[in-house]
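Asker: This is the structure, below, for whatever I ask next.
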Amino acid sequence: IDDPAGAFYLPIDAGIKDDGEKFGHKARGFFNAQFVDDLDSNAGTGWDQYYNFYISKDGPYGNFLNSGILKPEDMKKVLTFTKQKIISLAGQILDGVADITPYRLGKKSPCGYCDYKAVCRFGWQINAYNVLAGLDKQQVLDQMEAADAE
């Protein structure tokens, strides 16, 4: 595929709301703005009812930081960064690197949802979390671009 539209996730239990009109959940994720009409040809001004994007009177970038829409050049940044990250992680796996370093973003961590706590070697009392900084979408894109330049 030359131009992927994006990547979305949706809870398995997503269904019709009680009013029977709209989905109970929107598909979240990110996508290339050039595919807005392909995703929802009836999208009007405001938040889309099926996906996490906003159309202002000036077009799909009106609420850029809070929506999943990406400019075509930003989509390329994300795809390049993702490819490099997959290659790096695969190399680490082949080298036997299997560190247990769950992230912590503010007070959130995946450990609360993990089914493998009983066999996990991570303990917050003796191990360190991989502490992540809270970044907005533009800061993430800027960091991806900086990593690509290295």
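The values are calculated or read from the model by the stated rules, or taken from the named source; none is laboratory data. This structure is a prediction, so every number in the text was calculated from the model and none was measured. Heads up, the Cβs are rebuilt from the backbone with ideal geometry, glycines too, and the neighbour counts pull from every protein chain shown. When the accessible area is computed, the model is the full protein with side chains, heavy atoms only, and any ligands, DNA or RNA have been set aside. Shrake-Rupley method; radii C 1.70, N 1.55, O 1.52, S 1.80 Å.
Asker: Could you rank the peptides 65-73, 129-137 by their average count of other C-beta atoms within 10 Å per residue, with the highest value first? Show your work: numbers first, answer last.
Answerer: Working: 65-73: 16.8, 129-137: 11.3.
For the peptides 65-73, 129-137, the packing ranking is 65-73, 129-137.
Asker: Another question, if that's okay. Could you list the trypsin sites (Lys or Arg not before Pro) in segment 26-68 that lie in coil according to DSSP, counting only those with at most 10 other Cβ atoms within 10 Å of their Cβ? Mind dumping the intermediate values first?
Answerer: On the way: sites: Lys26, Arg28, Lys57; in loops: Lys26, Lys57.
Those satisfying the criteria are Lys57.
Asker: Which of Gln34, Gln84, Gln125 moves the most in a Gaussian network model of the chain with Cα springs under 10 Å?
Answerer: Gln125
Asker: While we're on this one: For segment 32-81 and segment 93-150, write down the distance between their C-alpha centroids in whole Å.
Answerer: 28 Å
Asker: Let me ask another. Across segment 135-140, in residue order, what do the Karplus-derived ³J(HN,Hα) couplings come to in whole Hz, using 6.51 cos²θ - 1.76 cosθ + 1.60 with θ = phi - 60° and x for Gly and Pro?
Answerer: 10, 8, 4, 5, 5, 5
Asker: Below 8 Å between Cα atoms, with a sequence gap of 6+, how large is the relative contact order for segment 43-150 in percent? Numbers along the way, then the final one.
Answerer: Working: 83 pairs, mean separation 24.7, N = 108.
Worked out over segment 43-150, it gives 23 percent.
Asker: Let me ask something additional. Search the structure for amide H atoms under 5 Å from the amide H of Phe30, placed 1.01 Å from N in the peptide plane, and list their residues when 5 or more places away or on another chain.
Answerer: Ala7
Asker: Also, quick follow-up: Round to the nearest 0.05 the FRET efficiency obtained for Ala149 and Ile87 when R0 = 22 Å and r is the Cβ-Cβ distance.
Answerer: 0.85
Asker: For segment 62-129, which trypsin sites (Lys or Arg not before Pro) pass both filters: DSSP loop (anything but H, G, I, E, B) and at most 13 other C-beta atoms within 10 Å? Working shown, then result.
Answerer: Values: sites: Lys76, Lys77, Lys83, Lys85, Arg104, Lys107, Lys108, Lys117, Arg121; in loops: Lys107, Lys117, Arg121.
Filter output for segment 62-129: Lys107, Lys117, Arg121.
Asker: I've got another one for you. In square angstrom, what is the accessible area per residue of the chain with a 1.4 angstrom probe? Don't skip to the answer; put the middle values down first.
Answerer: On the way: 11160 Å² over 150 residues.
On a per-residue basis, the chain sits at 74 Å².
Asker: Counting DSSP beta bridges with both partners in segment 4-150, what percentage is antiparallel, nearest 5? Working shown, then result.
Answerer: Working: 9 of 14 bridges.
Here the antiparallel bridges make up roughly 65 percent for segment 4-150.
Asker: What part of the accessible area of segment 52-150, given as a whole %, is carbon or sulfur when the probe is 1.4 angstrom? Let's see the in-between values first.
Answerer: Values: 4180 of 7430 Å².
Ligands and nucleic acids excluded, carbon and sulfur give 56 percent.
Asker: Identify which of the listed values of Kirkwood radius over Cα pairs in Å was calculated from the structure shown: [x] 15.5; [y] 17.2; [z] 18.4.
Answerer: [z]
Asker: For Leu79 and Tyr116, compute 0.36 nm times the residue count separating them, minus their Cα-Cα distance, and round to one decimal in nm. Intermediate results must be reported in sequence, preceding the final value.
Answerer: Working: separation 37, 0.36 × 37 = 13.32 nm, distance 3.08 nm.
This chain segment gains 10.2 nm when fully extended.
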